[in-house]
Every structure is written in structure tokens, then in C-alpha cells.
1. In the list K542, K551, K557, which residue meets the criterion of being outside the structural domain of M373 (by TED's automatic domain parsing), touching a Lys or Arg at 6+ places or on another chain (Cβ under 8 Å) and either without any contact (Cβ under 8 Å) to a residue 12 or more places away in the chain or not aromatic (F, W, Y) (or both)?
2. When you look at T729, is it without any contact (Cβ under 8 Å) to a residue 12 or more places away in the chain, among the polar types (S, T, N, Q) and surrounded by 14 or more Cβ atoms within 10 Å (Cβ to Cβ), yes or no?
3. List the pairs whose first member sits in segment 753-767 and is within 14 Å of P700 (Cα to Cα), whose second member is crowded, with 23+ Cβ neighbours inside 10 Å and among the aromatic types (F, W, Y), and whose Cβ atoms are under 9 Å apart, counting only residues at least 6 apart or on separate chains?
4. Quick one: which helices (runs of 4 or more DSSP H) lie wholly within segment 785-830 and hold at least 2 residues that are under 41 Å from the mean Cα position of the chain (by Cα) and either among the aromatic types (F, W, Y) or surrounded by fewer than 18 Cβ atoms within 10 Å (Cβ to Cβ) (or both)?
5. For Q370, work out the one condition from (1) modelled with pLDDT of 95 or more; (2) in contact with a strand residue (DSSP E or B) (Cβ under 8 Å, 6 or more places away or on another chain) it doesn't fulfil.
6. Taking the stated definitions as given, is N716 surrounded by fewer than 20 Cβ atoms within 10 Å (Cβ to Cβ) and either assigned to a helix (DSSP H, G or I) or in the same structural domain as T729 (by TED's automatic domain parsing) (or both)?
7. Collect the residues in segment 33-70 that are aromatic (F, W, Y) and at pLDDT below 95, keeping them in residue-number order.
Amino acid sequence: MAVALVMYFMPSSKIIDTGLSIVPQAENVDANIQASSNVAATKSIIEQAHFVGSETCTSCHQAQHQGWQQSHHSQAFAPANADSVVGDFSTVSVNYSDGVAVFEQQLIDSKTQYQIRLTPLSSDSSDSIEQIYPVVYTLGIYPLQQYILETHPGNYQVFAVAWDARKAEQGGQRWMDLTTSDATDDTLHWRQYFQNWNSQCASCHTTNFETNAAFATNTVFKNKTPANITADANSNKSPTFTSTWSEPAVSCESCHGPASGHIQWADNKENNEHVSKGLVRQLATEDYWQFVANEPIAQRLTSNNDATAMPVIDGCANCHSLRQPISTISHESTQTDWLNNFEPTRVREPLYFADGQIREEDFVYGSFTQSKMAHAGVTCLNCHDAHSGQVKGYDAQQLALPSNDGVCAQCHRADVFAVETHHHHPVESESARCVSCHMPERTYMGVDERRDHSFQIPSPALSQLLDTPNVCTECHSNNSDAWAAEKVEAWHAASPIIDNGEMDFADWLLEFSRLNNRLVQARTDNEDTTQLISALTTLENKRYTLLASTKTPAMKKSMLLDTMPINSQQAFDTLVLRLSDDDVVVRLAAISIIRNFDISHRQQLLMPLLKDPIKSVRFAATLALADLLATPQFISQQNNRKNKRLLKENVRQFIEAYEYHGDLLGSQMTLADINRQMKDWDAVVIAYQRALQLVPTYVPALVNLADVYRLQQADNKAEPLLLKAIAVTAENARQAINDPGDIYAFALQQQASVEYALGLLYARAKNYSKAIVPLDNAVQLSPANTDYFYASLLMLDALGERNKALELLRRSPLTQNNEQLTALLRQWQP
């Protein structure tokens, strides 16, 4: 996405450098009893709270307001004016993918107004007329500032060319074209869905944002029911927007919730003892860490009047995460637990590398919650100032992070970690800094360097096995992963890393990758694999131990579950136990695996989770069980009445939530999924058509809708969808040819699967001469796929070319290890 990430916001922690335990003072019981009498009144104030604006907060919180004014949050989104615009609009011409953009400004009624004049590449272009767009808003501030144009009333798009706000000596103070493709129908083109501000940016760049999207019938998604969405099913128009927000920035109330109740609390002296202070969302302002004798890392002390760690992270995760919204109210609202408002995206490929390092834009949460630091109770606020959003010690003038690792030394003893025996680099060098090894940078949008927050120990040996990045060879670029692995192994032999001797996730993943690679090679070489399989079985037992351990971070547990084969009773029992795990993300991972089980096991295991206290868990279980409502046996059973009512109510809430966020592509695809399970085919078609209204080139929607038409025996409607999907996937493959191997391979596989579907469509129509072309294409694109090969052989046979098919069958290496192909060979042998 071409949207600059605002800086992380986060308050101070106190480090107690003593070997003594700290015992909290006894509470004033009388004061607590007195305060509790006002609980009901304060609760009412909170429930009725509304937004008042950041200026209202300034009168009492001047220091916090001043810090916030310097933050990226305060500049996340603003009306375009002389105070907010940092780009050069002095009639500057910039060549970009569509043609020429001229950035201009003029003085109207004593106010500077900004505009962008667009001249197309040629008169043959679909947008061949010169257009002038006023710049309506700015988006972000550093390292890039982007500009928002109103392409239709209420529809705001983020323009392709952004201002590089870095210093000139850093390569900045210039216009940058962020376009990744010159195709105007590319999903990342500035006029397309993923650059739509209303759907993709606004909720995290404003306060109290409501999308208010509608399709052609102008029926707003909010409170929409399945019965009243059919009228616009065949419309090709994108949704329209009448979006609203309270404040054009990430303000106080984005984090603390609507503040009218807080003002009432402040004005009412009788309520001033109540712990909530009239605030909708409570965030901890301080926590306490203590160095214990002979321990190199401080330990967290939880005071009885401190909020717990996770609500702090939850407050930040509202925006600093990959997630699907599932609320039916603005997500900057009254819910403290964000997992009732969102379903988090778990750490999996291709969004992350196989070892959990960041790959695509992950917005921190998924990365940080893997870390041992987060698991120990470290929060965003321990390293970042709550209101300026900067890392503690940040030099605002030099735009530089602290150079002395002081942030890390709050909890990690410098005499243990900031020494050459630990980091093995000259002490004053950049390579000796903690972040250089434990928070590697990855660059997005050309210049936006973002640090990994999983705080992993570099493992070039693992990178060698999994083809993942590692900081060693990023600096020592002339050397290999093998060279780096040898160096690191020698370091650790001479000076072991601080460790308790137990296998953790990183140790397990390294050993698993080694054994798995050796097993693959042994099978290729026809070697005996008995010992390797035995070793992997032992390692599976260690997987189960890690999953049961309270020392394993929840996100790591979800990664362990995602790759766990359910091939034994112990594996099954381990999985079932995770359904009652304390961590939501672990329960979600377990549900995603059980969703693939047969219907009776799903019903038995997941039905209780329809009553889970967390909405994201209930919704995941609902999606996994929805097909029960189309199962006659479940519907007819008298003893299922309560379960039927429970499931139907969860389905109703599920659909309501996803329709509320129906301007999101993921929402429409999920609505299609749940309705397909319930065999509500009209609703399925509507959802896929709406997905294609949002992104006309979205291949999964094209293919899935074509498959629905296949089921409805309407191949005449399916054919144009598949032809379009082939054109899109072929272009995707062409553009991915220079990308990392797995991305290019995925593009080829996607094209092959669509070619196969089109070939089967023609085969059903007995148009064999037409069918053989896409089937042969599928085989060429994915030569290891036996289904594609088998279908192409049958088409050759249907065309009277059995001898040719038989020769291909005999020569193919696929035949030997595939029962279906072997049977066909026996059948056709003379």
C-alpha cells in the first residue's frame, strides 16, 4: 500500500536499579469503598460519551498536547494549506507513469491553494484530457508526504507522486513516483481500490471515522441486511462515500476514546476518586521494571494500580496491525479489547518470512507479539513516548535515533550486552548498536525504512535453510550465509548467548528446517530415512512442549500450530487443548486448522466457542460451522435447537459486521465464503460481484464467481470471467519475473490454475479442440501438477490422439509415483 506509516505512539517506564523487592503500599480501603459508590454513575457517563476534540483537552494537558503537536499522529491527515503542505508546488513538472504531473499553487482570497495538473502520455489514453485536481488533504509527513485528490464527490484517492521529505543530503526534497505498474487497471494504481483513502487509509489517519460507503442503490452498509442488498447486484459501479470524522488527525480521542465523560468527571469533584476518570479507554501511563541481583535483564513488576500490559498494546494495535475490522461501531470507540473489534492477521507467509521476520507492511503488531519482550510484558510505551510518538532519546532536530542504546539499556544491563564479547563488533561502530542486529530495517515505498519488532537473534544458519534475510550478510554482502553461520557458531561456542538451556521457538525452527531439508534430500537420493523420521518425531514432541509452555509467545504458538501435522492422537489432543488457550491468537490458529476437519468433529469441538467472550473467536468459529445450517441432519435434530439458535444468532452478527465494513475487499470475500457454506447462492453472487466492483481484476473473485456459475450450469457467464482472470494472471506473472522466486512461482501457479479451470469449462461443453489449449498452458506453467497433466492427456485422447498422449504418459516422471496416471497407462497400453 502506498500509505506512509505514522510513527508509533507510546509513555514512560520507571527502571528500579536495585536488588530489593518492591512491595506496593496497602490500599486505602475506605477510599476505595467511597469511590465505588460512584461506579454506576461513571459507567453511565462512559456509555454516553461523545467526541469533544483535542483542543478541549489542551486546557488541562498542555505538556501532552505540545508533545502530540510534534508527533506524526498530529500530522497524519490535514486539510491542504500552507501549514500542512511540505512539497514543492512552485509549478514543478514531474514525469510519472501516466504522463506529466505539474504541482502548482495559487493565492485565492489570501489563502494558498494547491493543485495538480495531469497531462496524459498520449491522446490514445483512456484519460486523454488534461485534468486539474485541487489537493484537498495531506497524508502523513515523513519520510513521505502524500496528497489526496477528490476524484468524485466524497471519493478521495491518494495520488501516485509523493514528496520525499527527507533532507536533500539523504536524497530527499524531491517528488517520487510510487507507481509499481503503468497499467491503469492495476490494483495499486492511484485511481484504484488500494489507493482509495476512504477505505484504505482514513480510519487510522483520522479520529472517529465512519466510512459510510454505498453501492449503486445508495443503501449504506451500516445496518444493511441480506434482504436489501440484491437490487444492486449487477451494478459495475464502485461504491460512493459520504465519510465523516471528528478530527482530521490521530488525536487524543483516537487512543483514549470519546472524552466527554472525562470532562464530566473532571468537573464533578465527587467522582474524582474513580479509577476510570470518566475515560472510555484506560491506558497504562507507567510500569515498573526491576533489576534483580545477578540477572542481566530487568523484570516487570505489576503494581496493583497499573493497567495490565496488553491493553496498552491493544490501544496501539487498533492501527498498528494487519487486521480485519469486525465491529459495528467506529473502531476508535468504547472497546478496550481490540480483539472484539478486529480479527488479527497472524504471522504467516507470504506477509512474513518463514522465520517471522517482516516482509510486507505488517504495521508492527504481528512482529512485536512474537517477541520475548512482548511476552515478558514490555509494551510500546516502554520505548516510545506516548504523545510525541518518538523513541525515547530521539533527536527531533537531527531526525535521528539515540546513538547510545539507552532505550535498550533501560532493561538490558549495558555491562553484559553493550560489550564486544556480546555483539562481536567494535564498541563505537554502528554494527555494535542493538538495533543493527535485533531490529533490521526493511524499506517500503522506496525510502520508508521500518524496523522489525520481533527482536530476533540473527541466525544465518536458519536463513541459509529458509532463504530468509539476515543482518549479517546484509552488511557483509560479499559473504554467504554459510560464512556468517560459521562465524556466529564460533562466537557462541566461545561466549554463549544468555540462555536457560531450554529449546525455544528459534532453536526448534532451526532444527526442524535442518531435518526437513535432509529428509527431502534423502528421499530424492533414495536413501534410508528411518533415523531422520525418528528425529522429526522427537522434534514434534518438542513442538507440543513449546505449545504447552507459558514461556512461548502466543504468536509463536500460532506459527507452531499452522505447520503442525495432525497425524497422531498426541497432535490432535495438543490442538484441542489450544482451543482453550488463554491467548486469543492461539485459539484463532487452532480454529483455522479444525475448520478443515469433518463436520462432526467441527461441531463437537467448535460449538462451545460460539459463546467465547471474544468476538473474533466467536466469528472464527461461526465461519467454521456455518455449513451446519445447510446440513439436513443438523437442522432436523430436535436436540440441536439451542445450538441452531446460537449458531444462527452468531451468523446474523457475523454478516452484520462484515456488511458494515462492506467497502473492504476482504469483507466481501468473507461474506461470499459464509454464504457459500450456507448455500445461499444469490448472496454469494452478490458478494463476489461487489468484490469485483471494488477490484475488477481480483483473481480469486473472478475464479470463485465463475465456479458458482459452473454449479448453476451457467458456463456462458463463467467463460468471460475466466478469460479475464487469465489475462490478469499472465500480466502478474510477467511483472513478477524479476521478483523473489516464491512470488514469481506463485504468479505462475495462479495462472496455471485459471487455465485449468477454463480448459475444464470447454471440456464440459465437449469443445475439446478449444479445451486442449488452456490445459496445455496449465501443464507448461505447472509441469509437476498431476491433475493438469491428466486432464490434458484425456483431451488428447478425446481428440483422437491417444498415441501422442500415451507417449507423453510413458515419458513423464509424474507417472511413476501417481496411481491415477499409472492406472491410465495400464488402461491404454496395447
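The values are calculated or read from the model by the stated rules, or taken from the named source; none is laboratory data. Just so we're clear, the structure is a prediction, and the values are computed from it rather than from any experiment. Methodologically, a virtual Cβ is constructed for each residue, glycine included, from the backbone with ideal geometry; neighbour enumeration extends over all protein chains shown.
1. Values: K542 fails: touching a Lys or Arg at 6+ places or on another chain (Cβ under 8 Å); K551 fails: touching a Lys or Arg at 6+ places or on another chain (Cβ under 8 Å).
Being outside the structural domain of M373 (by TED's automatic domain parsing), touching a Lys or Arg at 6+ places or on another chain (Cβ under 8 Å) and either without any contact (Cβ under 8 Å) to a residue 12 or more places away in the chain or not aromatic (F, W, Y) (or both) holds for just one of K542, K551, K557, which is K557.
2. Values: without any contact (Cβ under 8 Å) to a residue 12 or more places away in the chain: no; among the polar types (S, T, N, Q): yes; surrounded by 14 or more Cβ atoms within 10 Å (Cβ to Cβ): yes.
Considered against the rule, which asks whether it is without any contact (Cβ under 8 Å) to a residue 12 or more places away in the chain, among the polar types (S, T, N, Q) and surrounded by 14 or more Cβ atoms within 10 Å (Cβ to Cβ), T729 comes out as no.
3. That search, which allows pairs on different chains as well, returns S753/Y788; E755/Y788.
4. Working: elements: 786-798, 802-811, 819-828.
In segment 785-830, the matching helices (runs of 4 or more DSSP H) lie at 786-798, 819-828.
5. Just one mismatch for Q370, condition (2).
6. Details: surrounded by fewer than 20 Cβ atoms within 10 Å (Cβ to Cβ): yes; either assigned to a helix (DSSP H, G or I) or in the same structural domain as T729 (by TED's automatic domain parsing) (or both): yes.
Yes, satisfied.
7. First pass over segment 33-70, keeping only residues aromatic (F, W, Y): 51, 68.
Scanning segment 33-70 gives a single hit, F51.
Table: residues versus (1) outside any loop (DSSP other than H, G, I, E, B); (2) in the same structural domain as A354 (by TED's automatic domain parsing); (3) crowded, with 16+ Cβ neighbours inside 10 Å; (4) at pLDDT below 95.
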site: E502; (1), (2), (3), (4): no, no, no, yes
site: L509; (1), (2), (3), (4): yes, no, yes, no
site: V520; (1), (2), (3), (4): yes, no, no, yes
site: R523; (1), (2), (3), (4): yes, no, no, yes
site: D528; (1), (2), (3), (4): no, no, no, yes
